[in-house]
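Take a look at the structure set out below.
The values are calculated or read from the model by the stated rules, or taken from the named source; none is laboratory data. From a predicted model like this one, the values you see are computed outputs, not experimental measurements. Glycine also receives a Cβ, built like all others from the backbone with ideal geometry; neighbour counts cover every protein chain displayed. Remember, those area values only see protein heavy atoms, side chains included, never the ligands or the DNA or RNA. Shrake-Rupley method; radii C 1.70, N 1.55, O 1.52, S 1.80 Å.
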Amino acid sequence: MLERFARHAYPVPVILVLAALGAGVAVGLATGGSFRNLADIHFRWPYLAIAGLLLQWMPVPHGWAHAAGVEFGLLVASYVMLLVFVLGNIRRPGMVVVAIGLLLNGIVIAANSGMPVTAAAVRSASGSPSFAAEVHKLNAQGGAKHRPAEPGDTALWLSDRFGIGKPIEGVFSIGDLFWLVGGAWVVAGLMRGPRRTSDSHAPAADEQVIALPDSATLQGPVAPVQPPRHPPEPA
């Protein structure tokens, strides 16, 4: 799995992404959401999200003299675009959590010119028998996106230090957990639709409004006009 992980440079295993999306859909339906609300989705600057994801998957030949620098530059640009997109839509429920996850990943990547992967995470994901081979493949094919952790690396508590074996077989970081949870939250919020503002004059959804005619009967009887009283004349 780590060979496929390194070659395609997925940020996290696809199974975890699908699980987060499924959890968001389940929560959205359980809280009264509907798939129809997804048709009315409007994000600010969606092209930044598309461009950021494309940069994550852009292949860079390892035979280039400056391949490592190009990969690192593309990775940083990708995170900047994704973070700007998230900040532009920060009012949506869950986007704050997504922003925290991207920021945590960006910190460790910027500090180490790439995302370090700890040996413990590789062992947990691949198993002990194939540990050495998987580390070699990760070192040769991972590039700046994912590389074995080195003694001089910093902020390793933010790196890809968690591993899951079969059937997922992948590594991930604390930042990944944040944006996965935030992504599920965003999906659930989108399915519930926009919040309605309270209006004391607006009728409730189940309240029936009846227009009453303007009539004297409904307004009440009109008091008769009394003639003015004059004092009696003296005899």
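Within the set of pairs 6+ apart or on separate chains, which have a first residue in the range 55-72 that is without any contact (Cβ under 8 Å) to a residue 40 or more places away in the chain and among the aromatic types (Phe, Trp, Tyr), a second that is surrounded by 12 or more Cβ atoms within 10 Å (Cβ to Cβ) and not in a loop (DSSP other than H, G, I, E, B), and C-beta atoms under 7 Å apart?
Cβ pairs passing all conditions: TRP64/VAL70.
Give the range 56-67 a look and list any residue that's open to solvent by 30 Å² or more (accessible area, probe 1.4 Å) and either β-branched (Val, Ile, Thr) or not in a loop (DSSP other than H, G, I, E, B) (or both), or say none.
Across the range 56-67, the qualifying residue is only TRP57.
If you go through the range 114-127 one residue at a time, do you hit one that is in a loop (DSSP other than H, G, I, E, B) and touching a Ser or Thr at 6+ places or on another chain (Cβ under 9 Å)?
Within the range 114-127, one or more residues are in a loop (DSSP other than H, G, I, E, B) and touching a Ser or Thr at 6+ places or on another chain (Cβ under 9 Å).
Give me the residue from the range 116-147 that is open to solvent by 30 Å² or more (accessible area, probe 1.4 Å) and closer than 23 Å to VAL60 by Cα and, out of that set, nearest to the chain's Cα centre (by Cα).
By that ranking, first place goes to ARG147.
Do you know which residues across the range 14-47 are of a type outside the set (A, V, I, L, M, F, W, C), surrounded by 13 or more Cβ atoms within 10 Å (Cβ to Cβ) and in a helix (DSSP H, G or I)?
Within the range 14-47, GLY24, GLY28, ASN37, PRO46 meet the criteria.
Just checking, does the range 94-109 include any residue being at pLDDT 90 or above, in a loop (DSSP other than H, G, I, E, B) and either over 23 Å from PRO167 (Cα atoms) or touching a His at 6+ places or on another chain (Cβ under 7 Å) (or both)?
Yes, the range 94-109 contains at least one residue that is at pLDDT 90 or above, in a loop (DSSP other than H, G, I, E, B) and either over 23 Å from PRO167 (Cα atoms) or touching a His at 6+ places or on another chain (Cβ under 7 Å) (or both).
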